[in-house]
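Student: Please find one structure pasted underneath; my questions will follow.
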Amino acid sequence: MTNTHRIALITGANKGIGLEIARQLAKAGVFVIIGARDPGRAGAAVDDLASQGLAAASVHIDLNDLESIAAAAETIRADHGRLDILVNNAGIVDAEDGPPTASSPEAARRIMDTNFIGTLAVTQAMLPLLRLSLAARIVNLSSSLGSLTVNGDPTSPYYAARLIGYNASKAALNMLTVQLAQELRDTPIVVNSVSPGYVKTDLTGHTGFMTPEEGARLPVKYALLGDDAVSGRFVGASGETPW
């Protein structure tokens, strides 16, 4: 792989919106690395892209396994020398999550461990590689459910979506975006939170309003932002989303 290609890692990219993000980035000429826990599913995703003539590879990465995260970063360093795009897509929901009065605390812990702590660990591990890029982009896959403003607005269609573990994990992810953007403000690394919308995937039980292809478009747009990119934003399909 020549260094003229941009290199992107997408976590949780073996299916759903993550795979579609990988597909659209690859179509834009980016070499994509499918990050996944299951090597078999990751290989199938790479084969899927290859069948369309798209360049891709896979790396084993489990957001709850720090050793796998470190090993993934070392593999990317050895194979590519740097990273230009990090899409923090991997995330979970939990059947035992719910309103604050009913959610299992352990469910909330599991969600937070993956969606926030795991994403923080991946970001920290990949930052040395992103610093080697001339214009790195970090895209954190958030949700309108992570907006404190939206959660507190009785007129919002999301007002009744009380999932304390999931919503809190996305609010925490937004805090990562805000603080990381501030910390990296004097570097070429741009960090944004993107809410793709209510997408039909395994995560939503395929009850969403958008296809994975449609949901991938906004994250891809922010992964490919040019030199005039603004960092530290929270955006959704309809524009700026309030924190």
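Student: Once both axes come from the Cα atoms, what is the angle between helix 212-223 and the longest principal axis of the chain, in degrees from 0 to 90, rounded to 10?
Tutor: With rounding to tens, the tilt is 70 degrees.
Student: Oh, and also: Output the Kirkwood hydrodynamic radius of segment 1-140, Cα pairs only, in Å rounded to one decimal.
Tutor: Numbers: mean 1/r = 0.0652 Å⁻¹.
Answer for segment 1-140: a Kirkwood hydrodynamic radius of 15.3 Å.
Student: Sorted by average packing, counted as other Cβ atoms within 10 angstrom per residue and highest first, what order do 223-231, 70-78, 29-37 take? Don't skip to the end; give the middle numbers.
Tutor: Details: 223-231: 14.0, 70-78: 16.3, 29-37: 24.3.
Per-residue Cβ counts within 10 Å, averaged per peptide and sorted highest first, yield 29-37, 70-78, 223-231.
Student: Kindly state, to the nearest 0.05, the FRET efficiency for Arg185 paired with Gln52, given R0 = 41 Å and r defined as their beta-carbon distance. Write down the numbers at each step before the final one.
Tutor: On the way: r = 38 Å, r/R0 = 0.92.
About 0.60, to the nearest 0.05.
Student: In nm, what is the difference between 0.36 nm times the number of residues separating Tyr159 and Asp113 and their Cα-Cα distance? Intermediate values should be presented prior to the final figure.
Tutor: Working: separation 46, 0.36 × 46 = 16.56 nm, distance 2.44 nm.
Result: 14.1 nm gained on full extension.
Student: For segment 84-243, give the share of DSSP beta bridges that are antiparallel, in percent and rounded to the nearest 5; count only bridges with both residues there.
Tutor: Numbers: 2 of 15 bridges.
Roughly 15 percent of the DSSP beta bridges within segment 84-243 come out antiparallel.
Student: Follow-up question, since we're still on this one. Given all pairs of different Cα atoms, what value in angstroms does the Kirkwood hydrodynamic radius of the chain take?
Tutor: Details: mean 1/r = 0.0561 Å⁻¹.
The Cα-based Kirkwood calculation yields 17.8 Å.
Student: Would you work out the relative contact order for segment 9-51, in percent, from Cα pairs under 8 angstrom that are 6 or more residues apart?
Tutor: Values: 52 pairs, mean separation 18.0, N = 43.
Once divided by the residue count of segment 9-51, the mean separation gives 42 percent.
Student: OK, next. Go through segment 90-103 residue by residue and turn each phi into a ³J(HN,Hα) via Karplus (6.51, -1.76, 1.60, θ = phi - 60°); whole Hz please, and just put x for glycine and proline.
Tutor: Once rounded to whole Hz, the list reads 4, x, 9, 10, 9, 4, 8, 7, x, x, x, 7, 10, 5.
Student: If the chain between Asp38 and Glu106 were fully stretched, how many nm would it gain, using 0.36 nm times the residue separation less the Cα-Cα distance? Present the calculation step by step, with values, prior to reporting the outcome.
Tutor: Values: separation 68, 0.36 × 68 = 24.48 nm, distance 2.39 nm.
My answer for the length gained is 22.1 nm.
Student: Against the empirical 2.2 N^0.38 Å scaling, what ratio does the C-alpha Rg of segment 104-243 come to?
Tutor: Numbers: Rg = 15.2 Å, N = 140, 2.2 N^0.38 = 14.4 Å.
Compactness ratio reported: 1.05.
Student: Turning to a different aspect of this structure: Measuring from the lowest to the highest alpha carbon on each principal axis, how far does segment 70-142 reach, largest first, in angstroms?
Tutor: Answer, in whole Å and largest first: 47, 22, 14 Å.
Student: Now for a different question. Add +1 for every Lys or Arg and -1 for every Asp or Glu among the other residues with Cβ under 11 Å from the Cβ of Ala229, and state the total.
Tutor: Values: positive: Arg137, Lys221, Arg233; negative: Asp227, Asp228.
Taking every Cβ under 11 Å from that of Ala229, the sum is +1.
Student: In whole Hz, with x marking every Gly and Pro, tabulate ³J(HN,Hα) for segment 13-19 from phi via Karplus 6.51 cos²θ - 1.76 cosθ + 1.60, θ = phi - 60°.
Tutor: Rounded to whole hertz, the list is 9, 7, 7, x, 5, x, 5.
Student: Specify the angular offset, from 0 to 90 degrees and rounded to the nearest 10, of the alpha carbon long axis of helix 39-50 from the longest principal axis of the alpha carbons in the chain.
Tutor: Orientation of helix 39-50: about 70 degrees from the principal axis.
Student: Here is a follow-up. Normalising by the residue count of the chain, find the relative contact order in percent from Cα pairs under 8 Å and 6+ residues apart.
Tutor: 19
Student: Could I ask something else about it? So if I restrict to the alpha-carbon atoms in segment 12-68, what is the Rg, and what is Dmax, the biggest pairwise distance, in Å?
Tutor: Spelled out, the Cα radius of gyration and Dmax of segment 12-68 are 10.8, 33 Å.
Student: Under the rule of at least 5 residues apart or a separate chain, name every residue whose amide H is placed under 5 Å from the amide H of Ile138.
Tutor: Leu86, Val190, Val191, Asn192
Only the coordinates and a few stated rules stand behind these numbers; no lab work does. This structure is a prediction, so every number in the text was calculated from the model and none was measured. Here Cβ is always computed from backbone atoms with ideal geometry, including for glycine, and neighbour counts include all displayed protein chains.
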